[in-house]
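Student: I'd like to ask some things about the structure below.
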Amino acid sequence: MSRMTLLEGNLWLSLAPQRAPAGGARPGEGYPPYNIELLGEGEVLRITLAVAGFRLEDLEVGVEDGELTIRGKQHEELAKDYLHRGIAARQFKRSFALANGVEVRNAELHDGLLAIELTRPAKEKRVLKLGIVAAD
């Protein structure tokens, strides 16, 4: 399984293609579509997923064992009689493996776009000076 690492040299997260148990590609693998962008001076990363039709209560964002997971599940409305149904009520699960030290700062849903911001605290520079001892 190949992995794509984002921001070479400045590791934030990696993407592994999601596979079905038999090894084939999972149905709906490209859903929902998403963007990943670097904000500011490279201190914040934003993942934006297109989740039109999902309400706040239909979405779940969590981090477990270094993996960011976004789940969506729409509830079927029974009382509608469709002449054409082009927008399916479906569920999804999208995962991103986070690099060490990367934290989820917030998640916001606005106009059908779920934006999740990640931060990586700046590493402290450690300088260690060693004393030199004269040998006899």
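The values are calculated or read from the model by the stated rules, or taken from the named source; none is laboratory data. As the structure is a computational prediction, the values presented were derived from the model and not from experiment. Cβ placement follows ideal geometry from the backbone for every residue including glycine, while neighbour counts extend to all protein chains displayed.
Student: Kindly list the number of the only condition in (1) at pLDDT below 55; (2) surrounded by 12 or more Cβ atoms within 10 Å (Cβ to Cβ); (3) in contact with a Pro (Cβ under 7 Å, 6 or more places away or on another chain) that fails for Met1.
Tutor: (2)
Student: Take Glu76 and decide whether it is loosely packed, with under 14 Cβ neighbours inside 10 Å and closer than 13 Å to Ile116 by Cα. Reasoning before the result, please.
Tutor: Values: loosely packed, with under 14 Cβ neighbours inside 10 Å: yes; closer than 13 Å to Ile116 by Cα: no.
The answer is no for Glu76.
Student: For the structure I just gave you, tell me whether Leu45 is under 28 Å from Ala99 (Cβ atoms) and modelled with pLDDT under 95.
Tutor: Yes.
Student: How about the range 97-136: which of its residues are within 23 Å of Pro33 (Cβ to Cβ) and of a type in the set (Asp, Glu)?
Tutor: If the condition is that a residue be within 23 Å of Pro33 (Cβ to Cβ) and of a type in the set (Asp, Glu), then Glu108, Asp111, Glu117 are the ones that fit.
Student: Something else now. Within the range 49-62, is even one residue touching a Lys or Arg at 6+ places or on another chain (Cβ under 8 Å), farther than 24 Å from Trp12 by Cα, charged (D, E, K, R) and not in a strand (DSSP E or B)?
Tutor: Yes; the residues of the range 49-62 include at least one that is touching a Lys or Arg at 6+ places or on another chain (Cβ under 8 Å), farther than 24 Å from Trp12 by Cα, charged (D, E, K, R) and not in a strand (DSSP E or B).
Student: Is it the case that Leu15 is modelled with pLDDT under 90, of a type in the set (A, V, I, L, M) and under 11 Å from the mean Cα position of the chain (by Cα)?
Tutor: yes
Student: Give the range 93-108 a look and list any residue that's in contact (Cβ under 8 Å) with a residue 12 or more places away in the chain and under 13 Å from the mean Cα position of the chain (by Cα), or say none.
Tutor: Listed by number, the residues that qualify are Lys93, Arg94, Ser95, Phe96, Ala97, Leu98, Ala99, Val102, Glu103, Val104, Arg105, Ala107.
Student: Mind telling me which of the residues Ala122, Ala89, Ala107 ends up being farther than 19 Å from Trp12 by Cβ and out of contact with any Ser or Thr (no Cβ under 9 Å at 6 or more places or on another chain)?
Tutor: Exactly one residue qualifies, and that residue is Ala89.
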